[in-house]
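All remarks here apply to the structure that follows.
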Amino acid sequence: AQAILLQAASLKSLGLKPQRRGAARSSRAAMDYRTRTTRYAARHPGNEKLVRWLQKEAPEPVLEPELPICDPHHHLWDHRGRGALPEKFAKVYQFDSEVYMLEEWLEDVYDGHNVVSTVYVDASAFYAEHGPEEMRVVGEVEVMQGVAAMADSGIYGPARVCAGIQGTADLRHPNLRAVLDAMARCRNFRGVRAWGPYDDEGFKRGLRVLEERGLVLDVYFGPDVLAELASLRRWAREFPGLTIVLNHLGGFVGPCLGAPESDAAAAWRAAIAELAATCPNVACKVGGIQMKNNGFALHEAERAVPIGSEELAELVLPWYGHAIDCFGASRCMFESNFPPDKDSVSYRVLWNTFKRVAAKKGLTAEEKRDIFHDTAARVYSLSAARPAGRGGPAL
């Protein structure tokens with residue numbers, strides 16, 4: 001009885017009506033998040049401040065609502081108690097969503113755009129409490145496979161949430177193969193996002209294992225973006241059979257580097273151009289620079305109301321446009337990076353922004369299919385099921 005009351009309360013908070021027992025078909029329809037009447041529901045006290053701010057946004061009409069989208073970069077987490085962000089990351093990043101699980105994610109996914117599939121990327125979340133230290137990261141992949149199974153039930157709508165899963169692992173650890181074997185038991189596992197230091201022999205041994213197994217490597221360099229992009233060029237060429245995906249244009253990119261005409265911004269542009277020209281096994285996620293660290297000052301402490309897509313498109317065009325010019329749509333994929341970027345912009349406005357950027361760049365219909373869906377589906381092998389770690393995806 002208590003579980004039924006809790007479910008009813010959860011549905012009511014979303015503007016969904018709980019159904020009478022026995023009404024299976026109507027109940028399934030009522031749990032479809034596309035039918036809700038409340039755009040943002042504050043289910044957790046730790047999320048309430050952000051939700052109240054987002055509610056001040058004047059809702060925009062959705063641009064090109066039929067365009068299929070694969071969102072290739074999002075996270076899920078519960079930062080309460082033991083789930084808090086690890087100290088090494090908490091020193092650099094502060095996020096306004098304390099809890100961001102399937103309910104919160106579906107609320108954004110079904111905000112008007114045609115999101116058909118998503119890729120989960122490591123968030124230092126849901127590591128196992130017990131077992132060998134190097135194996136605990138497997139817990140994150142296992143939990144996300146469970147989330148994917150929930151989405152695959154169709155109860156919550158048609159989107160294939162966590163259709164691809166990027167975990168994490170210490171590429172230098174002597175037990176790396178066993179860690180990857182355990183992750184590969186989850187059918188949606190596609191690879192890992194690994195952290196530095198990069199470009200040493202231990203890291204390269206791990207890269208060789210990923211290359212042998214046809215797994216995808218995601219990388220993100222944060223504040224060290226300029227130095228590490230040079231490093232990436234070296235080891236990406238050393239492992240040409242390894243598919244590498246550069247997250248968020250590489251790292252802290254945007255006003256944090258200075259104005260677009262600054263020396264640091266020019267150095268970033270040159271590094272991106274050389275990387276794209278010399279490393280055909282590298283793809284680029286176009287997004288993720290709306291985070292607080294990137295310096296656009298879009299979040300609640302800086303703005304009374306959230307930004308709209310026309311203004312945001314003008315701000316990000318010099319950065320996103322350059323990546324698109326260098327990599328081309330067939331090696332680029334727009335990404336939400338939610339919930340970190342949710343601190344600055346709503347999901348509807350963000351994808352409207354990407355559509356405006358695509359228009360400003362004059363992308364053809366085929367190029368839009370690539371950058372919004374097909375590149376991600378191809379890189380993460382989402383179009384057809386395959387055993388994880390068998391056969392490398394082609395860019």
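Just a few scattered comments:
- Largest-first principal axis extents of the Cα set of segment 244-313 (Å): 44, 25, 21
- Under a 5 Å amide H cut-off, with hydrogens placed 1.01 Å from N, H73 pairs with V119, S336, N337 among residues at least 5 apart or on other chains.
- Unit charges at the beta carbon, dipole of segment 46-380: most positive-side option, V253, G308, V216: V216
- A 1.4 Å probe run over the protein chains yields, for the chain, 41 Å² of accessible area per residue, whole-number rounding.
- Available extension along the chain between D199 and E134 is 21.3 nm, counting 0.36 nm per residue and deducting the alpha carbon span.
- Full-extension gain in nm, D263 to R82, via 0.36 nm per residue minus C-alpha separation: 60.9 nm
- Protection proxy ranking of 199-206, 84-91, 341-348, 264-271 - average other beta-carbon atoms within 10 Å, highest first: 341-348, 264-271, 199-206, 84-91
- Residues in segment 333-351 that a label on E311 would reach, taking backbone N under 20 Å of a point 7 Å out along Cα→Cβ: 341-351
- Shape analysis of segment 226-268 places it in the prolate category; the axes a ≥ b ≥ c from the Cα gyration tensor give an a/c of at least 1.5, with a/b above b/c.
- Note on segment 46-380: with neighbouring protein chains present and a 1.4 Å probe, carbon and sulfur make up 52 percent of its accessible heavy-atom surface.
- Near R43, no amide H atom lies under 5 Å from its own; only residues 5 or more places off or on other chains count, and H is placed 1.01 Å from N.
- Mean ellipticity per residue at 222 nm, deg cm²/dmol - from DSSP H runs of n ≥ 4 across the chain, formula -39500 (n - 2.57): -11000 deg cm²/dmol
- Annotation: the antiparallel percentage among DSSP beta bridges lying fully within the chain is about 5.
- Value of Rg to Rh for the chain (Rh from inverse mean 1/r over Cα pairs, i.e. Kirkwood): 0.95
- Listed peptides 171-182, 290-301 by packing density, highest first (mean Cβ within 10 Å): 290-301, 171-182
- The modelled label-to-label distance for the pair A149/A297, using points 7 Å beyond Cα in the direction of Cβ, is 4.9 nm.
The values are calculated or read from the model by the stated rules, or taken from the named source; none is laboratory data. The shown structure was predicted, so the numbers you read here are calculated from the model rather than taken from an experiment. With ideal geometry, Cβ positions are generated from the backbone for all residues, glycine too; neighbour counts draw on all protein chains shown. These accessible areas exclude ligands, DNA and RNA; they are computed on the full protein's heavy atoms, side chains included. Shrake-Rupley method; radii C 1.70, N 1.55, O 1.52, S 1.80 Å.
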